[in-house]
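**Q** There's a structure below that I have some questions on.
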Amino acid sequence: MTTATTGEEPMALAAARLRTAGMRVTAQRMAVLMAVSESAGHLDADALRERAQRVTGGLSLQATYNVLRALTDAGLIRCTQIPGHPARYEIEHHDNHHHFVCLRCAAIRDVECSVGAAPCLEPQLPEEYDIQEAAVTFWGLCPDCRAVTPAP
């Protein structure tokens, strides 16, 4: 038998995740974390603010950025900076994945690490450098945009 999800259950889960990360639990943090968790990922601060406001009733864009920074610093969410696009946010899975960005519609899709474990690339740097992550962005056309684009 399945139980219908209530609005309180995702908030309770968000509160538990905040506590586990050693963070103070606030309505704004719970609402933003819930918005990131329930999205398909890769939303910008304005879209997350709009979703979080459905719970909080009011949330400034500055407060949203403050919460996003705190959640990122705590390792609960991941901020992806793609050139030419606003910062995007998703739940942090610690999987070192990369991204594909559609040149036409700007859709973003996760791409698994292509070569083994993090950072999954082998840069030519002296051993004194401690590389922990590699950010790779693949650019092209998503299937929908490709379907309407004539072949060259």
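The values are calculated or read from the model by the stated rules, or taken from the named source; none is laboratory data. What you see is a predicted model, and the numbers here were worked out from it, not measured in a lab. Counting neighbours? That spans all protein chains shown, and the Cβs are built from the backbone with ideal geometry, glycine included. Ligands, DNA and RNA are excluded from the accessible area calculation, which covers all protein heavy atoms including side chains. Shrake-Rupley method; radii C 1.70, N 1.55, O 1.52, S 1.80 Å.
**Q** Ala63 versus His94, label points 7 Å from Cα toward the beta carbon: distance in nm?
**A** Output for this residue pair reads 3.1 nm.
**Q** Here's a follow-up. Return the loop-located trypsin sites (Lys or Arg not before Pro) in the stretch 1-106 (DSSP other than H, G, I, E, B) with at most 14 other Cβ atoms within 10 Å of their own Cβ; answer none if there are none.
**A** Arg24, Arg104
**Q** Enumerate the calculated ³J(HN,Hα) couplings along the stretch 124-137 in order (Karplus 6.51 cos²θ - 1.76 cosθ + 1.60, θ = phi - 60°), each rounded to whole Hz, writing x wherever the residue is Gly or Pro.
**A** Values per residue, Gly and Pro as x: 8, 10, x, 5, 5, 7, 9, 7, 10, 7, 10, 10, 10, 10 Hz.
**Q** Hey, what angle do you get for helix 45-56 against the long axis of the chain, alpha-carbon based, 0 to 90 degrees rounded to 10?
**A** Computed tilt is about 20 degrees.
**Q** Still on this structure, please answer the following. Determine ³J(HN,Hα), in whole Hz, for all residues of the stretch 27-42 in sequence, where each value follows from phi through the Karplus function 6.51 cos²θ - 1.76 cosθ + 1.60 and θ = phi - 60°; x replaces Gly and Pro.
**A** Running phi through 6.51 cos²θ - 1.76 cosθ + 1.60 with θ = phi - 60° gives 4, 5, 5, 4, 5, 5, 4, 5, 4, 5, 4, 8, 7, 7, x, 6 Hz.
**Q** Hey, another quick one. I'd like to check one number: the per residue accessible area of the chain, probe 1.4 Å, reported in Å² as a whole number.
**A** Solvent-accessible surface per residue comes out at 65 Å².
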